[in-house]
1. Rounded to the nearest 10 degrees, what's the angle between the helix 247-260 long axis and the longest principal axis of the chain, both from Cα atoms, 0 to 90?
2. Tell me the Kirkwood radius of region 46-124: reciprocal of the mean inverse pair distance over distinct alpha-carbon atoms, in Å.
3. Using the per-residue mean of other Cβ atoms lying within 10 Å as a proxy for protection, in what order, highest first, do the peptides 205-217, 102-114 fall?
4. Could you tell me what percent of the accessible area of the chain is made up of carbon and sulfur, with a 1.4 Å probe and every protein chain present?
5. Please state the equivalent ellipsoid semi-axes for region 155-253: what are the square roots of 5 times the Cα gyration tensor eigenvalues, largest first, in whole Å?
6. Sorted by mean Cβ packing within 10 Å, highest first, what order do the peptides 263-275, 326-338 take?
7. Rounded to the nearest whole Å², what accessible area per residue is found for the chain with the 1.4 Å probe?
8. Does anyone have the angle between helix 42-53 and the longest principal axis of the chain? Alpha-carbon axes, 0 to 90°, nearest 10?
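The values are calculated or read from the model by the stated rules, or taken from the named source; none is laboratory data. As the structure is a computational prediction, the values presented were derived from the model and not from experiment. Positions of Cβ are generated from backbone atoms using ideal geometry, with glycine treated the same way; all protein chains shown enter the neighbour counts. These accessible areas exclude ligands, DNA and RNA; they are computed on the full protein's heavy atoms, side chains included. Shrake-Rupley method; radii C 1.70, N 1.55, O 1.52, S 1.80 Å.
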Amino acid sequence: MNMITLFKIKHLALFLLLFCLQNIIFAQIPVGYYNDAEGKSGAELKTTLFQIVKNPTVWEGKYFNARSFFNEHDRTPDGLYIWDMYSDIRLPEWIGTGTNALNREHSLPKSWFGVGSGQEDRYSIGCDYHNLYPSNAKANNAKSNYPLGEVNMSVTVTFNNGVSKVGKSRIPINNGQYTGNVFEPADEYKGDFARDYMYMVTCYEDYSQIWTTSYGMTMLQNNTYPTFTPYAIDLLMKWHRQDQVSEKEINRNEAVYDVQGNRNPFVDHPEYAEYIWGGQSPVPDVDAMFSVRYYSQGNRLQVTLANFNGAQYEIYSVSGIKIKENALQDDGIISCSGLPSGMYIISIYSPNPKQNKKYTEKFVVNVIK
């Protein structure tokens, strides 16, 4: 096997892996959950998402019981340890005291929104599992309430455990008005933190006049849009783009949705960050009018097409064997009954030779047993 062939095989495998991941994201989003957000951008999109995800479920002891959620859902891929994004210390179960104690850590500090210790369960913002993570206590204490940033390693670093760092920022913050410490997570979690912060200022848009403390105001403004300071927008969008949505985030987003009834839109739809803070807009064109999404609820495909008139579809296995064909109905729904879990290819076309546009897309069936 020559090097060119090996290169192509490796890149094909990578493409299939990324495609599977993208479709798994879509497979878990409830049907119609983000319908109201279609075609919107900027402040309008942010406020629409606020209306969709606001008011997560709160119950007595939710904050205290976060450790049970961590034990079950914040686990390393092998299932053996709690997944601590703040340190490399591996613990099989929650430990609340001792040298390697864990804390329930608010990623966006609770002091920024005025919730004190012991008050977490009084407000959904204080016990929102999208913003709570297991954290090594030493790393948590070092993080304090500092803003996020990138530490200047050429000057004094006050904390560095190989995963988290605390020190002076290498980037001027708010035109040099803030010169204190910043907290920098590991590269593999920077996108996680960015999307958490995006979620918080969206889900709690009605807190826009409450953001407080000198640390918080390095990243937040008292407005509903853009809410982030220019420094924060540049930093969070950089991290969001560099560290893309991981399987860890997808699984956790689903677990949080199961217990508190709302989702992180920026995990489900990373493009929303671009539409709100990245200066992009969802511009419709002919090809953009075509999409295929699989929904495990109902085991079906939902096809979006500009014109369904006379359209036909064919479904193939990844090896090229035709499995199913029929006319596409006006509602765009195709049953996947009888298809085992796995990847497939769908082609949508018109039998009219004058309409020679053909759309092809891959999708993943995830049969719930």
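1. 80 degrees
2. Details: mean 1/r = 0.0683 Å⁻¹.
14.6 Å is the Kirkwood radius here.
3. On the way: 205-217: 16.0, 102-114: 21.2.
Highest-to-lowest ranking by the protection proxy: 102-114, 205-217.
4. Exposed carbon and sulfur together represent 51 percent of the surface.
5. Working: eigenvalues 90, 85, 25 Å².
In descending order the semi-axes read 21, 21, 11 Å.
6. On the way: 263-275: 22.0, 326-338: 13.6.
The peptides rank, most packed first, as 263-275, 326-338.
7. Values: 17820 Å² over 369 residues.
Here the residues of the chain average 48 Å² of exposed surface.
8. Around 90 degrees separate the two axes.
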